[in-house]
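This report refers to the structure that appears directly beneath it.
The values are calculated or read from the model by the stated rules, or taken from the named source; none is laboratory data. These numbers were taken from a predicted model, which means no experiment stands behind them. Neighbour counts run over all protein chains shown; Cβ positions are idealised from the backbone, glycine included.
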Amino acid sequence: IAGLEKITAGDLTIDGGRANDIDPSERGLAMVFQSYALYPHMSVAENMGFALKIAGVPVQERERKVKEA
């Protein structure tokens with residue numbers, strides 16, 4: 001889903017639509033690894049919101065989305 005593996009068969013469906021031909025960077029998804037890919041100097045909330053920060057999402061919206069998760 002996040003583009004780490006190539007789709008070799010079947011369909012990837014996101015929100016009811018076929019996403020096979022959508023570039024992973026355009027799918028609006030991110031991945032949080034369980035270990036070794038988290039930033040130890042950041043809190044859980046900061047790690048969760050980091051991709052949104054990189055994407056330019058405003059602080060208040062980031063905080064809201066992290067709280068909803």
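Show the residue pairs that are 6+ apart or on different chains and have beta-carbon atoms under 9 Å apart, the first residue being within region 42-69 and within 16 Å of Val32 (Cβ to Cβ), the second being modelled with pLDDT under 90 and of a type in the set (Ser, Thr, Tyr).
Correct list of pairs: Glu46/Tyr39; Asn47/Tyr39; Phe50/Tyr39.
Pick from region 23-46 the residues that are of a type in the set (Ser, Thr, Tyr) and more than 19 Å from Ile1 (Cβ to Cβ): which of them is modelled with the lowest pLDDT?
Among residues in region 23-46 that are of a type in the set (Ser, Thr, Tyr) and more than 19 Å from Ile1 (Cβ to Cβ), the one modelled with the lowest pLDDT is Tyr36.
If you scan region 1-53, which residues turn out to be assigned to a helix (DSSP H, G or I), hydrophobic (A, V, I, L, M, F, W, C) and either on the phi > 0 side of the Ramachandran plot or surrounded by fewer than 12 Cβ atoms within 10 Å (Cβ to Cβ) (or both)?
Val44
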